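The block underneath contains the structure these notes are about, expressed in structure tokens.
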Amino acid sequence: MAQRHGLPRWMTEAELRTILDNPPPWLVQSRANRTGKRPVWVHLECAVCGYEEAARSKKWWPDFTYVVCGHHPTEDIPPVRAGCVRSEYDGVGTRFVGIADVEAPPVRP
Ligand SMILES: [Zn+2]
């Protein structure tokens, strides 16, 4: 196996350390496969100006209805949908605010 990847049969400790510090692509790949985890990238696009970014999704992110750049004034942001309650989440990607419009629970008379 080692030979298949072109490694010498014996390595000094220093050589081994060099390889572990600078892992060749096939080693990085096999390590990534071992964890069974893949980073999930999501595509973020500002609902106001169309600025786009790819970001790693975070566990705490809900399903955003919109994402908008943090610098847009409130009046530029699409209004909350009828019957929905809006929550805003700062710190999405490098510059976005995530907006989640969630259907409000029915109001009892
Ligand atoms: Zn924007």
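Only the coordinates and a few stated rules stand behind these numbers; no lab work does. If you're wondering where the values come from, they're calculated on a predicted model, not measured in any experiment. Reconstructed Cβ throughout: ideal geometry from the backbone, glycine too, with neighbour counts over all protein chains shown.
General remarks:
- In this simple spin-label model, placing a label point 7 Å from the Cα along the Cα-to-Cβ direction at both Y89 and N22 gives a separation of 4.0 nm.
- Each peptide among 46-54, 13-21, 63-71 gets the average number of other Cβ atoms lying within 10 Å of its residues, and from highest to lowest they stand as 63-71, 46-54, 13-21.
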